[in-house]
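Each remark here refers to the structure printed beneath this line.
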Amino acid sequence: MTDRAEFLESALLRDAGFRHAFFTRNGGVSAGAYASLSFSIAAGDSAKNVRLNLQRAAFALGVEPERIHFMSQVHGRAVHTLSGEESQSEVLALEGDALVSSATNLACAVRSADCVPVLLADRRSGRVAAAHAGWRGAVAGIVTSSVRALRELGPNAELIAAIGPHISQAAFEVSDDVAEAILAASRDSSIVDRTREKPHVDLRRMLRAELRAEGLADSAIEDVWGCTVTDPARFFSFRRDGKQSGRHLSAIVPRL
């Protein structure tokens, strides 16, 4: 076990000066089903382990552990804007699926285990957002809400986005009803593969189309690849392992 949290980066965000990370499951202290870099007590890991894992994530991000902020996620479209004065427990008590901030002493974060983490940033102002998009959140428009919340904070935003590892189309088998609900909300009609026994949905393609519809060019959107279901060595997966499994952290720090 390494004493450093393992994470993936977006070259697009990094080259624009934003500290960020899509953490994998490796480089933490948790054991068993939560081995080793898990960030959820509610999923069954111990508070001590999560606290130590947050310390490792904080070191990678360059912030204090108590300044990594994430909410109680509800698969909706609510976005909360942080001033930088909030405590970690105050933010955790909020229900929503995206955080926005310009305060450089914190990290906006989301937790996931198959859902899509999306990190956004404004090259001009340094503001950032972190969004959690499960299929219900994608249908509700959480990415659109996040983009608009960033733009509402100031004019002339120059947004970039990174879509992190999540359940891939190859692994995301759904019912006909779910496929129809997702397709009805999508700006890309090719996201559903019906060549197999049951429909398979491409959430990455759906969210990319949503970002484009909000004015982001293809060159302003980066895919940070990885399938949480089919790569157990690097990723936790609710679909593969059930509720008693770890949760990833994806986070981004505002820039001056």
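Quick note: the coordinates plus some simple rules give every number you see, no bench work behind them. As the structure is a computational prediction, the values presented were derived from the model and not from experiment. Positions of Cβ are backbone-derived with ideal geometry, glycine not excepted, and every protein chain shown enters the neighbour counts.
Annotations
- Relative contact order (%) - criterion: Cα under 8 Å, at least six apart; region: the chain: 25
- Given charges at Cβ of Lys, Arg, Asp, Glu: region 16-134 dipole, positive-most of G17, F39, H80: G17
- Span-like helix ranges in the chain, DSSP H, alpha carbon extent 30 angstrom or more, Kyte mean at least 1.6: none
- Ranked by how many other Cβ atoms sit within 10 Å of their own Cβ, fewest first, the residues W135, W225 fall in the order W225, W135.
- Rg and Dmax over the alpha-carbon atoms of the chain stand at 17.0, 51 Å.
- Dipole magnitude (debye, nearest 20) for region 7-252, charges at Cβ of Lys, Arg, Asp, Glu: 360
- GNM remark for the chain: springs join alpha carbons under 10 Å apart, and the peak mean-square fluctuation among S46, S219, S146 falls on S219.
- Extending 7 Å from Cα along the Cβ direction at K243 and again at S89 yields two label points whose distance is 2.5 nm.
- Just so you know, the Rg over Rh for region 1-108 is 0.96, from Cα atoms, with Rh as the Kirkwood radius.
- One chain, two ends: R212 and E152. Fully extended at 0.36 nm per residue, the span grows by 19.8 nm beyond their Cα-Cα distance.
- Selected from P165, G27, L119, residue furthest toward positive end of dipole (region 7-252; charges at beta carbon): G27
- In order through region 240-247: 3J(HN,Hα) via Karplus (6.51 cos²θ - 1.76 cosθ + 1.60), integer Hz, x for Gly, Pro: 6, 10, x, 4, 7, 8, x, 10
- Of all DSSP beta bridges in region 7-252, antiparallel share, percent nearest 5: 70
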